[in-house]
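The values are calculated or read from the model by the stated rules, or taken from the named source; none is laboratory data. Not measured: the values here are computed from a predicted model. Cβ sites come from the backbone with ideal geometry, for glycine too, and all protein chains shown count toward neighbours.
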C-alpha cells in the first residue's frame, strides 16, 4: 500500500468525522435557535405569566352591595332614610397551599390567631378540609391598625394577607330585621347551586329577607388587586386589576316613620304588623317580633351569636307576618258574612237575639257562649259584626252551612300564599268535610260548622293573607300581590332599572250590598264596638278585632292571641285607603293588645298626611 493511498483514506475518514461533528453541532445550534424563538415569541406570554405569578398574589376585592332606601327616597335629597349601606373594612386571609409544609402553617396560624383573637384549632381544621388553593378568611372586619401590624411584621406572618372588604351595615338594626334579612358566607351547598351564575366561593350572599330575594340585583361584581411580593413573600407593591362594581340600589315601599312607630308599639309583644296600600299592593309596614339585630351576625366570626339566635325558644328568626298561621277568630266573621250575603242565604237586616249563649240542639244539647257570656240583645248583621257577637254568627253559620263558608274562604285565597317578595312564605289552611274524614275518620258535625263561622276550630290564616282579605273588601273584590320593593336603581341612583308594577293576585266579584254591609259593620265596631278606642281619630276608621282561644278550656286570658284588622278612610276610595293588620301572641284580647298598635299606626299616618283629602 502506498503512502499516498493511506493518507487519502485517513483524510477521507477525518473529513467524515468533521462533517458529523459539524452536523451534530449545527443541529443542536438550530434546536437552540428554535427553542429560543419558541420561548421568546411563540410561548413568551405564557411563560411570562407563569414567572410573574411567582411574584404576584391576586387578591379579590369584594364589591359593595347596593344600598336600600325607604319609600320616600329622593335623588335630590340629602336626608334619605338609608336602611342598609356599607362601610370600608378589611379581612385577614391566607391560602394553605402557599405554606412550605404543615408545620410552618401551624406555627404561623397559631401566631396570627393570638393577634386576632380567633381559635387556631378551628381555623386549622377548616384549612385541612378546604381546597389548598382556596383563599381562607381568618377573620373578617378587622381594623386598619391590625393590617398595619401584619404588614410591618411580614416575616412573622408569612403568607398571611389582607384584603379590602366592605361590611354590610343595617342602619336601624332590628327595626327592619325581618324585612332585610341578613348576609353570610356562601356555604358549599349554596356554592354548588350558584357557581354557574357567577358566584365565587369566598363571597357573601343574602341569607334571608330582601337580601336573599333580591341578591342578584344587590351583589355587584368583584374586582381584584395584584400584590407584588419578593421571594420571601414580602409585599413590594400593588397593581389594580379589575375594579369592583357596586350592586344596584333598592327603593322599598316601606315607610321608615310608620315602621318605627309599629316597632315601638310592639316593643314588649310577640307577633306581627302589616300595613298595605290595597290599590297597589305596596307594603308600608312589615314587622315581626321578637326580632334580632342583623349587624351582629353578618361576620364569619359571629357563629356563636347566630347559633344562640337559632336555638332561642322564642324563634326571633321566624317572620311571623308570613311564616306563622293562627286561627283567625272573629276576623273570620267577615268571610262568614260575605258567604251568607253572596249566596243570598241571609239578609243584612235580619235580626237574631243574643242572650249570651247559643244552644246547639242534638242528641246532647251543647251550650256555646258569647265572649265571656256577654248578652248583645237583638242584632242585625252590621251590629253583629261591630259588636263581634259570637251567638249571632253561631246561628248564621248553622243556617247557611259549612259549604258556603269554606268556598268563600278558598275563593278569597285564605289557603294560598300571597306571593309576597320575601322567601319562606307559608300558606294558611281551610278545612273541608273530606279533609276531616281523611284526617280523623269522622264526619263533619254541626259543632264544627259553628266554630268555623267564628274563626275557631281547624282554620288557620297567616297575617299577610288576612291583609289580602281586608284588601279584597276595600277593593271591591280585587287583590294585588303584596310587595316590598318599588324600584331597582343603578349604582349612582340616576337610572331606574326596574319598577315594580302592581300585579293582580285574584278577583272575586262582590256585590255592592255585601261591601256596604261588611264595611259598615267594621265601622260600627269603631263607633260602638270592640274598636271604639279609635273613634276619636280625625279620619274615620273601620275595623274588626279577634280573640283566638288557644285552649279548649280557657284557664287564663294570657293563653289567647289578639287580632286587629282595619282600614282607613271609611267611605273613601281604594286609592286613598290603607289596610292594617296586627297579631299579638298571648295578647289577652284584640281590643286590649292589638287595637292600641293599630291606633298608633293610624294616628301616625294621619299626622303624616296620608289621608289629607279625607280627614274630618
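Where in region 303-389 are there helices (runs of 4 or more DSSP H), lying fully within it, with 1 or more residues that are at pLDDT 95 or above and more than 22 Å from residue 532 (Cβ to Cβ)? Steps first, answer last, please.
Numbers: elements: 303-311, 320-323, 333-342, 381-387.
In region 303-389, the matching helices (runs of 4 or more DSSP H) lie at 320-323, 333-342.
How many residues does region 356-365 contain that are loosely packed, with under 14 Cβ neighbours inside 10 Å and touching a helix residue (DSSP H, G or I) at 6+ places or on another chain (Cβ under 8 Å)? Outline the logic, then answer.
Keep residues of region 356-365 that are loosely packed, with under 14 Cβ neighbours inside 10 Å, which gives 359, 361-365.
Keeping just the survivors that are touching a helix residue (DSSP H, G or I) at 6+ places or on another chain (Cβ under 8 Å) gives 362.
Selection size over region 356-365: 1.
Counting only residues that are in a loop (DSSP other than H, G, I, E, B) and buried (at least 17 other Cβ atoms within 10 Å of the Cβ), how many does region 492-514 have?
First, pick out the residues of region 492-514 that are in a loop (DSSP other than H, G, I, E, B): 492-495, 500-503, 508-511.
Now restrict to residues that are buried (at least 17 other Cβ atoms within 10 Å of the Cβ): 493, 500, 510.
Here the count works out to 3.
So, residue 302, is that one closer than 20 Å to residue 171 by Cβ, surrounded by fewer than 24 Cβ atoms within 10 Å (Cβ to Cβ) and not assigned by TED's automatic domain parsing to the domain that holds residue 204 or not?
Numbers: closer than 20 Å to residue 171 by Cβ: yes; surrounded by fewer than 24 Cβ atoms within 10 Å (Cβ to Cβ): yes; not assigned by TED's automatic domain parsing to the domain that holds residue 204: yes.
Yes, satisfied.
Okay, residues lined up against (1) touching a residue at least 40 places away in the same chain (Cβ under 8 Å); (2) more than 17 Å from residue 582 (Cβ to Cβ); (3) touching a strand residue (DSSP E or B) at 6+ places or on another chain (Cβ under 8 Å):
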| site | (1), (2), (3) |
| --- | --- |
| 470 | yes, no, yes |
| 483 | yes, yes, yes |
| 490 | yes, yes, yes |
| 501 | no, yes, no |
| 522 | yes, no, yes |
| 540 | yes, yes, yes |
| 547 | yes, no, yes |
| 570 | yes, yes, yes |
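Do we have residue 337 as crowded, with 24+ Cβ neighbours inside 10 Å and either outside the structural domain of residue 386 (by TED's automatic domain parsing) or touching a residue at least 12 places away in the same chain (Cβ under 8 Å) (or both) here?
Values: crowded, with 24+ Cβ neighbours inside 10 Å: yes; either outside the structural domain of residue 386 (by TED's automatic domain parsing) or touching a residue at least 12 places away in the same chain (Cβ under 8 Å) (or both): yes.
Taking the combined requirement at face value, the residue satisfies it.
With the condition kept exactly as written, say whether any residue in region 471-489 is touching a helix residue (DSSP H, G or I) at 6+ places or on another chain (Cβ under 7 Å), over 30 Å from residue 219 (Cβ atoms) and part of a helix (DSSP H, G or I).
There is at least one residue in region 471-489 that is touching a helix residue (DSSP H, G or I) at 6+ places or on another chain (Cβ under 7 Å), over 30 Å from residue 219 (Cβ atoms) and part of a helix (DSSP H, G or I).
Can you find a residue in region 69-77 that is out of contact with any strand residue (DSSP E or B) (no Cβ under 7 Å at 6 or more places or on another chain) and modelled with pLDDT under 85?
Filtering region 69-77 for residues out of contact with any strand residue (DSSP E or B) (no Cβ under 7 Å at 6 or more places or on another chain) gives 72, 74-77.
Of the ones still in play, those that are also modelled with pLDDT under 85 are none.
No.
How many of the residues in region 560-576 are modelled with pLDDT of 95 or more and assigned to a helix (DSSP H, G or I)?
The number of residues fulfilling the criteria is 0.
Taking the stated definitions as given, is residue 581 outside any helix (DSSP H, G or I) and assigned by TED's automatic domain parsing to the domain that holds residue 278? First the steps, then the outcome.
Working: outside any helix (DSSP H, G or I): yes; assigned by TED's automatic domain parsing to the domain that holds residue 278: yes.
Yes: the conditions hold for residue 581.
Does residue 517 fit the bill of being surrounded by 19 or more Cβ atoms within 10 Å (Cβ to Cβ) and farther than 27 Å from residue 325 by Cα? Even if it seems obvious, please write down each step before you answer.
Values: surrounded by 19 or more Cβ atoms within 10 Å (Cβ to Cβ): yes; farther than 27 Å from residue 325 by Cα: yes.
In short, yes.
On the given criteria, is residue 287 crowded, with 16+ Cβ neighbours inside 10 Å, touching a helix residue (DSSP H, G or I) at 6+ places or on another chain (Cβ under 9 Å) and without any contact (Cβ under 8 Å) to a residue 24 or more places away in the chain? I'd like the intermediate steps shown before the answer.
Details: crowded, with 16+ Cβ neighbours inside 10 Å: yes; touching a helix residue (DSSP H, G or I) at 6+ places or on another chain (Cβ under 9 Å): yes; without any contact (Cβ under 8 Å) to a residue 24 or more places away in the chain: no.
Answer is no for this residue.
Looking at region 520-531, is at least one residue modelled with pLDDT of 95 or more, farther than 21 Å from residue 469 by Cβ and surrounded by fewer than 22 Cβ atoms within 10 Å (Cβ to Cβ)?
yes
So is residue 369 surrounded by fewer than 19 Cβ atoms within 10 Å (Cβ to Cβ), out of contact with any strand residue (DSSP E or B) (no Cβ under 9 Å at 6 or more places or on another chain) and farther than 18 Å from residue 522 by Cα or not?
Working: surrounded by fewer than 19 Cβ atoms within 10 Å (Cβ to Cβ): yes; out of contact with any strand residue (DSSP E or B) (no Cβ under 9 Å at 6 or more places or on another chain): no; farther than 18 Å from residue 522 by Cα: yes.
No.
Tell me whether region 325-343 contains one or more residues that are touching a helix residue (DSSP H, G or I) at 6+ places or on another chain (Cβ under 9 Å) and more than 27 Å from residue 583 (Cβ to Cβ).
Among the residues of region 325-343, at least one is touching a helix residue (DSSP H, G or I) at 6+ places or on another chain (Cβ under 9 Å) and more than 27 Å from residue 583 (Cβ to Cβ), which makes the answer yes.
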